[in-house]
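Asker: Here it is, the structure, as structure tokens.
The values are calculated or read from the model by the stated rules, or taken from the named source; none is laboratory data. Predicted model, so just to flag it, every value in this text is computed and none were measured. Cβ atoms come from the backbone with ideal geometry, glycine included; neighbour counts cover every protein chain shown. Note: accessible area is taken over every heavy atom of the protein model, side chains too, but ligands, DNA and RNA are not part of it. Shrake-Rupley method; radii C 1.70, N 1.55, O 1.52, S 1.80 Å.
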Amino acid sequence: IATALVAASLGAGPALGNTPVANALYAENIVKGWINFKGTTTASIYGSYNVTSLSRGSLGAYQITWDRDFAATPYAVAGACTINTARGGFVTLSLATPFAVGVTDIQAFYEDGVNRDADVVTLIAVGAQ
């Protein structure tokens, strides 16, 4: 359990390339945004934090617009999805769109590598803002 929020510039910390102090939170390792959404043709947000909007560009392709942009790229994102309510799918960054500080483009697909609309997609983002 974290016992304090520690400025990374003080003492040892991840910003200095050192091992973080045990049981401390750093601005760099706190989730800066998350979204849980319905990814079908009429994509809609179930819940989110630091998200301005969601759009579906094409089959299994989505764009999340962050309310507060990240300070720079890269930042880290991780996601998961369910497709056809019974099968797990995969979420990855879109290879067709460059990484940007204000938006994250992702794709949902089955293990066969084919883009599919997802019933539920979850995504978190961590990085400097």
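Asker: Out of curiosity, is Ser44 farther than 20 Å from Ala27 by Cβ, surrounded by 14 or more Cβ atoms within 10 Å (Cβ to Cβ) and of a type in the set (Ser, Thr, Tyr)? Walk me through how you get there before you give the answer.
Answerer: Values: farther than 20 Å from Ala27 by Cβ: yes; surrounded by 14 or more Cβ atoms within 10 Å (Cβ to Cβ): no; of a type in the set (Ser, Thr, Tyr): yes.
Here the answer is no, as Ser44 does not meet what is asked.
Asker: How do the pairs read when you match residues in region 108-125 that are farther than 18 Å from Ile35 by Cα with residues anywhere that are aliphatic (A, V, I, L, M), using Cβ under 7 Å and keeping only pairs 6 or more apart or on different chains?
Answerer: Tyr110/Ile83; Asn115/Leu59; Asn115/Ala61; Asn115/Ala108; Arg116/Leu59; Arg116/Ile83; Arg116/Ala108
Asker: Any idea which residue in region 75-89 is most open to solvent (accessible area, probe 1.4 Å), counting only those that are assigned to a strand (DSSP E or B) and more than 18 Å from Ala128 (Cα to Cα)?
Answerer: Of all residues in region 75-89, those assigned to a strand (DSSP E or B) come to 76-83, 87-89.
So of that shortlist, the ones also more than 18 Å from Ala128 (Cα to Cα) come out as 79-83, 87-89.
Values: Gly79: 36, Ala80: 48, Cys81: 11, Thr82: 53, Ile83: 3, Arg87: 101, Gly88: 50, Gly89: 16 Å².
Across region 75-89, the extreme among qualifying residues is Arg87.
Asker: Further question on the same structure: Can you name the residue in region 3-29 that is under 30 Å from Ala108 (Cα atoms) and open to solvent by 60 Å² or more (accessible area, probe 1.4 Å) and, of all such residues, is modelled with the lowest pLDDT?
Answerer: So in region 3-29, the residues under 30 Å from Ala108 (Cα atoms) come out as 27-29.
Next, from what is left, pick out any that are open to solvent by 60 Å² or more (accessible area, probe 1.4 Å): 28-29.
Working: Glu28: 72, Asn29: 75.
Looking at residues that are under 30 Å from Ala108 (Cα atoms) and open to solvent by 60 Å² or more (accessible area, probe 1.4 Å), I get Glu28.
Asker: Next up: Output yes when any residue across region 56-65 is within 22 Å of Phe109 (Cβ to Cβ) and basic (Lys, Arg), and no when none is.
Answerer: yes
Asker: Something else about it: Determine the pairs where a residue that is more than 16 Å from Ala118 (Cβ to Cβ), located within region 48-71, has a partner that is in a strand (DSSP E or B) and open to solvent by 70 Å² or more (accessible area, probe 1.4 Å) with Cβ atoms under 6 Å apart, the partner being 6 or more residues away or on another chain.
Answerer: Between residues of region 48-71 that are more than 16 Å from Ala118 (Cβ to Cβ) and residues that are in a strand (DSSP E or B) and open to solvent by 70 Å² or more (accessible area, probe 1.4 Å), the close pairs are Tyr49/Trp34; Thr65/Thr52; Asp67/Thr52.
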